[in-house]
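Notes follow the structure.
The values are calculated or read from the model by the stated rules, or taken from the named source; none is laboratory data. Everything quoted here is computed from the prediction, not taken from an experiment. In this analysis, Cβ positions are derived from the backbone assuming ideal geometry, glycine residues included, and neighbour counts consider all displayed protein chains. Accessible surface areas use protein heavy atoms only, side chains included; no ligands, DNA or RNA. Shrake-Rupley method; radii C 1.70, N 1.55, O 1.52, S 1.80 Å.
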6 protein chains.
Amino acid sequence: MKGKVTAKETCAITTHLVLPHETNTLGNLMGGVLLNWMDINSAISAHRLCRRVVVTASVNNVSFNKSIGLGEIVTIKTKVSRSFNSSMEVFSEVYVEDHVTGEKLKCNESIYTFVAVDQNGGTITVPELVPETDVEKERFDAALRRRQLSLILAKRLKPEDASELKALFD
Amino acid sequence: MKGKVTAKETCAITTHLVLPHETNTLGNLMGGVLLNWMDINSAISAHRLCRRVVVTASVNNVSFNKSIGLGEIVTIKTKVSRSFNSSMEVFSEVYVEDHVTGEKLKCNESIYTFVAVDQNGGTITVPELVPETDVEKERFDAALRRRQLSLILAKRLKPEDASELKALFD
Amino acid sequence: MKGKVTAKETCAITTHLVLPHETNTLGNLMGGVLLNWMDINSAISAHRLCRRVVVTASVNNVSFNKSIGLGEIVTIKTKVSRSFNSSMEVFSEVYVEDHVTGEKLKCNESIYTFVAVDQNGGTITVPELVPETDVEKERFDAALRRRQLSLILAKRLKPEDASELKALFD
Amino acid sequence: MKGKVTAKETCAITTHLVLPHETNTLGNLMGGVLLNWMDINSAISAHRLCRRVVVTASVNNVSFNKSIGLGEIVTIKTKVSRSFNSSMEVFSEVYVEDHVTGEKLKCNESIYTFVAVDQNGGTITVPELVPETDVEKERFDAALRRRQLSLILAKRLKPEDASELKALFD
Amino acid sequence: MKGKVTAKETCAITTHLVLPHETNTLGNLMGGVLLNWMDINSAISAHRLCRRVVVTASVNNVSFNKSIGLGEIVTIKTKVSRSFNSSMEVFSEVYVEDHVTGEKLKCNESIYTFVAVDQNGGTITVPELVPETDVEKERFDAALRRRQLSLILAKRLKPEDASELKALFD
Amino acid sequence: MKGKVTAKETCAITTHLVLPHETNTLGNLMGGVLLNWMDINSAISAHRLCRRVVVTASVNNVSFNKSIGLGEIVTIKTKVSRSFNSSMEVFSEVYVEDHVTGEKLKCNESIYTFVAVDQNGGTITVPELVPETDVEKERFDAALRRRQLSLILAKRLKPEDASELKALFD
């Protein structure tokens, strides 16, 4: 296993055409189907960081800002944003393509966390993620705040010890 | 549309048997499949509050604490925890049943938010959710803090105005 | 394995939202999809009686009284009605929920029979089912008549020996 | 619509290879999947009698005598056995092919009933089914007894009026 | 394994009803779904020649001449056209049935090639295919030309050595 | 509609993780599933050329050189290679990623042809495809030979008029 991997090396892209069996009763892509697609693509990014079996540990934040219709072309782009011991936070962006102009509009974002495991399900230490671009560095920093918040909500960290997060409220 | 609905009236239960096509390469239920199941069951709870078409607006927090194997019986129980104008926060609990004793162990929790829409996709005001039990009341209160946090993260609320949330850090 | 199990302990409930890929060319839930859902839910009830692997042995009677449309919420409720050596008869009720009032209307019933098997496919003796309510007791009695009829049709019982069933025609 | 159709003209054959996503936790074809396959193939036979949209009305009798494993080739053969006003009884035979010798062994039978409907769901009178072979004639006669039994169980016929069926017990 | 098998013995027939989840955004059967159906049915024919595990080696030619709509009844009929050492060419014909007259119109043809393999994936010599009818004999001869063309395109045969094919251009 | 589009602008990439329900009885990705994936991705490339609804017209050549196992990461990359009036030839490359090194090995190629249609299914003239790289230019030239061969096989062109193709045999 490599010691360090760049965010770019973990990038995974997938393109879906929204088919009738993936729509809800309004004829739009079902939220749960998109959650499933993002889960699989994010898992591929996490795998590209650690080259081991990965399992979903949590979904931290997903927002659906725009409905996606039948027949639309959806592109999902994922990258690992930061790694912590055996866990990896993966950032996912979802774009819909305008049928006429071909322009891609971002319509969703999500953050999933994966854990690398061995064949017995035990956790494995993963390589360090190296951010390179400004956006990657910003997400790398925000990942720490999200992790602190998640540990507070899980009651495994005291709010006063979450210095990064606490700064937001000062 | 009724003006008030109790949390109990929105309860939806579903039972799944984990089948081969729902497992990952380790033989466990895939995260994305469970996300899809929780999405559909949560949507049923939201529908039972407002009796209108509902669409997934966000997934706020899901944690996968325990892997679920092929052939296991999974029970998903969802209830609306609070409503805000046109949005509804739904709390989901996932249980796995011990094959021998039949005991049900909680292995996942999630919080999804739905919005009620009309046939043109415009938002609709939904009834007020009335919590009755202690657990329902606790979730009702926490829902406000989660909403404030979500608005801050979306940059639609200033941290200093999120009084409920800020109290956590004082 | 317990010696006796009440009907209530075998109750399994599942809730489905009818999605586009489950409908026929008229836009209604396909009979075969509902048969599959009832099979899985009934298998869960049978499993809750015996806590072993169960396989479908027969479908004795299913009637489809009312078509179920796209987007409807379907609740399936199953209970073991009686056990015989290694086989278990499971009663299934299907309800559709009125979108506006939330009232649940029964639209289907079915009776499936399962057999408990070991890892080699050999049959296993199952616990006795104990009916408690009036409806459970009525189904418990009728199950014997259905079993006699099924044995006659399979030519493993002579009509004159089916005393319970014969009484119907006297 | 033709006035009379022979059983042979309604024959429908389909061949399936049992794939991993169609098996249960023992690696055998799930009962519910086979029920779905038989439903669709039987519907095609019913359609070939009446050339109209048909919907499943009931499943009268299905027995699973032999488990069917992953990778096995399953042939389903269906024929209408008799028609009554707007309903059609369809007989289904399921064969599994020996991998080495190619010999086909019958492992299941089922009887489904369909109703022909117009675009509003109203029932339509269907052509008369004409049995030709001895087996077809035997099933044609038995179909009447099954219909009487089904009407008795639905409490729409008194046992003493079911002359065909009553004869069995005299 | 038998030394020779007639084309007729390898015939496999399957019947599909086009369901909503199999259609594209125009409401017609998706090309990829039909490719999948033809692959499975052709594999069954290849299996009936050699009685061993077969894997798809290539798809040589498929043309979609007519779109197939939702609710149409599709019949696929496949037969091995010729065998070469461990490979088998399978010819597939697709018919759509007129809803009113029941007449079957051919709307697609395809040619797939399969290879027989053992449990380690090694190739196995297959029986010789014996054509009987005129159509079978014509396809048997054309199969050799197609194989030569395929070897030329794969640069494993020089055009001047493909005597059968070369004759076309003289 | 633009008059000319570069091959690069039509590029579509998708990434799949091979899941249990997509494998055959040897645990490898089924040929028919890959055919379906390539069909959808190729259709997206064709759509990116013409920005209209496209339907599969033919599959000209697909070869499966290497089996792809459960859990492997498959990347499909497609580009339009040439357009002819209303039809577009799309070239598809399939790569499998080594789990340890991350190296991508090409394991399949395919050529599909699509036709652009209007809402009534009538054909539409599509923009001209402009190849830029050497590989794109080579495929652009070969596309004409493939089209001539396909017209000869369909008996819509005489061999002696297929000058590009005939040159191969001189």
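Output the antiparallel fraction of DSSP beta bridges having both residues in the protein assembly as shown, as a percent to the nearest 5. Of the beta bridges lying entirely in the protein assembly as shown, close to 95 percent run antiparallel. Anisotropy class assigned to the protein assembly as shown is oblate, per the alpha carbon gyration tensor with a/c at or over the 1.5 cut-off and a/b no larger than b/c.
Among D:54-64, A:62-72, what's the highest-first ranking by average C-beta atoms within 10 angstrom per residue? Could you put the intermediate results ahead of the total?
Values: D:54-64: 22.9, A:62-72: 18.3.
With the highest mean Cβ count within 10 Å placed first, the list reads D:54-64, A:62-72.
Here is how the number arises for the protein assembly as shown: DSSP H runs of 4 or more residues each give -39500 (n - 2.57), the sum is divided by the residue count, and the result at 222 nm is -8500 deg cm²/dmol. Residues whose amide H falls under 5 Å from that of A:ALA7, counting only those 5 or more places apart or on a different chain, are A:VAL130, A:GLU132, with hydrogens built in the peptide plane. Over all Cα atoms in the stretch E:84-170, the spread is summed up by Rg and Dmax: 16.9, 52 Å.
Each of C:HIS99, A:HIS16 has its accessible area taken with a 1.4 Å probe; listed largest first, they run C:HIS99, A:HIS16.
Taking every residue in F:12-18 and counting other chain Cβ atoms within 10 Å of its Cβ, the average works out to 6. PRE reach from D:TYR95 (point 7 Å along Cα→Cβ): which of the stretch D:8-45 fall under 12 Å by backbone N? Correct set: D:13-15. Our summary gives the stretch A:4-130 a relative contact order of 32 percent, counting only alpha carbon pairs under 8 angstrom and 6 or more residues apart. Counts of other chain beta carbons within 10 angstrom of each beta carbon in peptide D:51-57 average 5. Considering only B:ARG146, B:ARG82, B:ARG156, the mean-square fluctuation computed in a Gaussian network model of chain B, springs between alpha carbons under 10 angstrom, is largest for B:ARG156.
For the stretch B:83-130, a drop of 50 Å² or more in accessible area on going from the chain alone to the assembled protein chains (1.4 Å probe) is found at B:HIS99. Scanning residues 5 or more positions from F:ARG82 or on other chains, those with amide H under 5 Å from its amide H are F:GLU89, with H placed 1.01 Å from N in the peptide plane. Only protein atoms count toward the accessible area here, which uses a 1.4 Å probe; on the protein assembly as shown, the carbon and sulfur part of that area reaches 48 percent.
Close amide H pairs (under 5 Å, H built 1.01 Å from N) link B:LEU157 with B:ILE152, residues at least 5 positions away or on another chain. Heavy-atom accessible area buried between chains A and B is around 2500 Å² (1.4 Å probe, both sides summed).
Per residue of E:155-163, other chain Cβ atoms within 10 Å of the residue Cβ number 1 on average. Put simply, when F:39-45, B:46-52 are sorted by average Cβ atoms within 10 angstrom per residue, most first, you get F:39-45, B:46-52.
Accessible surface computed residue by residue for the protein assembly as shown, with neighbouring protein chains in place and a 1.4 Å probe, gives 43 Å² per residue. Between the alpha-carbon centres of the stretch C:45-99 and the stretch E:106-141 there is a gap of 45 Å.
Let me know the shape class of the stretch B:18-170, please: from the alpha-carbon gyration tensor, a ≥ b ≥ c as square roots of the eigenvalues, rounded when a/c is under 1.5, otherwise prolate if a/b is greater than b/c, or oblate.
prolate
For C:LYS4, a cut-off of 24 angstrom between C-alpha atoms picks up these lysines, skipping any fewer than 8 places away in its own chain: B:LYS104, C:LYS77, C:LYS79, C:LYS137. Taken about its Cα centre, the stretch B:87-126 carries a charge dipole of about 100 debye when Lys and Arg each add +1 at the Cβ and Asp and Glu each add -1 at the Cβ.
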